[in-house]
Amino acid sequence: MAMGASKSTMDAQGNQGISRRGFLRGVGLAGLAAGGLCTATAVAAATGSADAAYAEESAATVGNELIEIYGENVNLMPAYGAEWDVVAGPVGFESREIGADEITHTDQCDLLVIGGGISGTMAALKGAELGANVVVLEKMSKGRNTWESVGGCGSRMQAETGNVVDPAQYVEEILRASYWRARPDVVWSFVNNSGEAIDFMQDSLDKAGRDIKIYNTTQPETGYGIQVIQGEHKFAVPEDYNWTSWIFGPIVMDALTAVMQNELHIDLRFNTAGVQLVQDASGRVTGAVAKDADGYYAVEATKGVVLCTGGYEANPDMMKAWTRSEDYAASSCWDPSTGPTGDGHMMGLQLGAQMDPIPHAVMNFNFGTPAQFLDIPGIWFTSSLGIAVNSRGVRFVNEGLPMNFVSNAINAQPGRGKGCWIILNQGMVDAMADMQPTADETIKQYMDKGWMFKADTVADLAPQLGLDAAILQETVDTYNAYFSSAENKDLQFRRNLETAMPLAEGPYYGLVTNSTVLTVVGGLTIDESCRVLNWDDEPIEGLYAAGNASGGVFSGTYPRHLPATSVGRAATFGYVSARHAIQGE
């Protein structure tokens, strides 16, 4: 999807990103580079045909190489552009031909995992359990860990609580959320294997000896015709952790990382990037080129390579080229991790891999401020009681919907969501004190930052927010009238008023609100065994993808009403990919 021209993507070493010519050459497999190190670009260089075909570049060609990923066979669909400058990280992938003289040494293993987040961790642990020697490359100092829970179906924990989830219904709801654009075989693979993967995760946590327990929980019904599947699993930790956040990923990942580091069959290498895949004469992926502080080296993998490199929200050019501009134009970043730069996407595409159709689905939630996510429980709860208005002072959404839907509604407002506010009153703010003892201090901080304003009346509040006083007053009066009407119904957006409060008395508050980007959940096309597919829907032998580097599950929007599906998919597909690579099943 063409979002307009931009500068060429630069990798971590300052090399220019992949070009149209490079991609087309990378698909070819005729001929081999000398010296035995046959990278994708080395194979391509031997063909020579693409150079002739594209010797003369058209002046009309869009300059962003990320738009030219399919060569000439690409539709350019203009969209109003926007810049994503909230977070940017070092790109590990390199498209250039890496010479044999640059390779300092070659290591061997059975299974190579590129990326050390939850999908890579599960792949490594499962591979080691099956007796494989595993090398894990993670370009950052630790794997990404900012997540809350894990979704799945058929776990021991669900059986213990009598929570019987209908697998077919689970599949149907994921397909429905994608408007049936998801691949059924891939969705079924997640649902059928997720319980086993979650059980394996618990077994692995037990090896850490930290008394971290996975338990099945239930979500309240969302209503509004939205089906909730009770597939969420959360984590219980000992009291001596003194852990107050609802984000348990750091604790879980720290424990699982310790297990990996103590596993004799796993060689975990931080600050080491996977930069390019390696193929043999048949086209099978046999390893990768890695880079650490000492330079480049090769890793040969006899059983396969698993791409677990995450999304690409830390790659501004890729966000601009492959996602809707309204999904990020006025958004902040929920977790400003700099690791997810789309390295796995680019490595797969260089070999002719198929990818989810563009634009990719962005995991975006509401409850954002210009600089962060509202992760303070009291603020989050309080803001959910108020009403959302756009830059014209008009209410535009059922505020009780799941976070992704409210976020989408924010992004659809004038200015692509810029200038939206949550309107609260004193009663709602007082309710925050029960959850947040330092509520007054929090409010003061937000006011000092210009994120929150206070006034005795709606008319006095409106100009502070840049809103028309008469329009905002009418919006508030209309909303309040729903509570005293005979129907007791929100006649505009059908919000459940039993879980809401009227804006009856002042003082009144305006809290800025915008969407937050968590990650991008579109990736390389895979089959039910997590093998990466080419454009003929045939597996690229030896290549697997898991987590947000893989696709086939989400389209349009991330379904927050199916909690933890993203982390569940990542954990499950890491597990499945390693199992298939080692056992062939």
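The values are calculated or read from the model by the stated rules, or taken from the named source; none is laboratory data. Worth saying up front: this structure is predicted, and the values here are computed from it rather than measured. Ideal geometry is used to build each Cβ from the backbone, glycine not excepted, and the neighbour counts take in all protein chains shown. Side chains included, ligands, DNA and RNA excluded: accessible areas come from the protein's heavy atoms. Shrake-Rupley method; radii C 1.70, N 1.55, O 1.52, S 1.80 Å.
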(request) Among the candidates Glu528, Glu498, single out the residue that is open to solvent by 30 Å² or more (accessible area, probe 1.4 Å) and assigned by the TED database to the domain that holds Met355. (result) Glu528
(request) Tell me, yes or no, whether segment 127-140 has at least one residue that is among the polar types (S, T, N, Q) and open to solvent by 20 Å² or more (accessible area, probe 1.4 Å). (result) yes
(request) Check segment 196-206 and report whether any residue there is out of contact with any Lys or Arg (no Cβ under 8 Å at 6 or more places or on another chain) and in a loop (DSSP other than H, G, I, E, B). (result) no
(message) Quick test of your reading of the structure: Arg579 fulfils all but one of (1) open to solvent by less than 20 Å² (accessible area, probe 1.4 Å); (2) outside any strand (DSSP E or B). Name the failing condition by number.
(response) (1)
(request) Answer yes or no as to whether Lys454 is in a helix (DSSP H, G or I), surrounded by fewer than 20 Cβ atoms within 10 Å (Cβ to Cβ) and either without any contact (Cβ under 8 Å) to a residue 40 or more places away in the chain or more than 33 Å from the chain's Cα centre (by Cα) (or both). (result) no
(message) Among the numbered criteria (1) buried (at least 16 other Cβ atoms within 10 Å of the Cβ); (2) assigned by the TED database to the domain that holds Gly400; (3) in contact with a Leu (Cβ under 7 Å, 6 or more places away or on another chain); (4) not in a loop (DSSP other than H, G, I, E, B), which one does Gln473 miss?
(response) (3)
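Only one residue in Ala330, Ala314 is assigned to a loop (DSSP other than H, G, I, E, B), in contact with a Gly (Cβ under 7 Å, 6 or more places away or on another chain) and more than 19 Å from Gly547 (Cβ to Cβ). Which one? Working first, answer last.
Values: Ala314 fails: more than 19 Å from Gly547 (Cβ to Cβ).
Being assigned to a loop (DSSP other than H, G, I, E, B), in contact with a Gly (Cβ under 7 Å, 6 or more places away or on another chain) and more than 19 Å from Gly547 (Cβ to Cβ) holds for just one of Ala330, Ala314, which is Ala330.
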(message) Under 6 Å between Cβ atoms, which residue pairs at least 6 apart in sequence (or on different chains) link something in segment 517-535 that is without any contact (Cβ under 8 Å) to a residue 60 or more places away in the chain with a partner that is open to solvent by 10 Å² or more (accessible area, probe 1.4 Å) and in a strand (DSSP E or B)?
(response) Arg531/Pro539; Arg531/Tyr544
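A quick yes/no check of all residues on (1) without any contact (Cβ under 8 Å) to a residue 12 or more places away in the chain; (2) under 16 Å from the mean Cα position of the chain (by Cα); (3) within 21 Å of Glu68 (Cβ to Cβ):
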{"position": "Glu300", "(1), (2), (3)": "no, no, no"}
{"position": "Lys303", "(1), (2), (3)": "no, no, no"}
{"position": "Leu307", "(1), (2), (3)": "no, yes, no"}
{"position": "Asn315", "(1), (2), (3)": "no, yes, yes"}
{"position": "Thr323", "(1), (2), (3)": "no, yes, yes"}
{"position": "Glu326", "(1), (2), (3)": "no, no, no"}
{"position": "Asp335", "(1), (2), (3)": "no, yes, no"}
{"position": "Gly339", "(1), (2), (3)": "no, yes, no"}
{"position": "Asp343", "(1), (2), (3)": "no, yes, yes"}
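Return the residues of segment 86-104 that are among the charged types (D, E, K, R) and either at pLDDT below 95 or crowded, with 16+ Cβ neighbours inside 10 Å (or both); say none if nothing qualifies. Spell out how you get there, then give the answer.
Just the residues of segment 86-104 that are among the charged types (D, E, K, R), to begin with: 94, 96-97, 101-102.
Of everything in segment 86-104, those that are among the charged types (D, E, K, R) and either at pLDDT below 95 or crowded, with 16+ Cβ neighbours inside 10 Å (or both) turn out to be Glu94, Arg96, Glu97.
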(request) Quick one: which residue in Gly466, Gly427 is at positive phi, more than 32 Å from the chain's Cα centre (by Cα) and assigned by the TED database to the domain that holds Ala504? (result) Gly466
(request) For residues that are over 12 Å from Leu562 (Cα atoms) and in a helix (DSSP H, G or I), scanning just segment 159-182, find the one that is most open to solvent (accessible area, probe 1.4 Å). (result) Glu160
(message) Tell me whether segment 560-574 contains one or more residues that are in a loop (DSSP other than H, G, I, E, B), out of contact with any helix residue (DSSP H, G or I) (no Cβ under 9 Å at 6 or more places or on another chain) and either crowded, with 23+ Cβ neighbours inside 10 Å or outside the structural domain of Ser384 (by the TED database) (or both).
(response) yes
(message) Given (1) buried (at least 17 other Cβ atoms within 10 Å of the Cβ); (2) farther than 21 Å from Pro502 by Cα, identify the lone condition not met by Ile422.
(response) (2)
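Got a number for residues in segment 531-547 being more than 12 Å from Met355 (Cβ to Cβ) and either open to solvent by 10 Å² or more (accessible area, probe 1.4 Å) or out of contact with any strand residue (DSSP E or B) (no Cβ under 7 Å at 6 or more places or on another chain) (or both)?
The initial filter retains those residues of segment 531-547 that are more than 12 Å from Met355 (Cβ to Cβ), namely 531, 536-544, 546-547.
Those still in the list that are either open to solvent by 10 Å² or more (accessible area, probe 1.4 Å) or out of contact with any strand residue (DSSP E or B) (no Cβ under 7 Å at 6 or more places or on another chain) (or both) too: 531, 536-541, 544, 547.
Count: 9.
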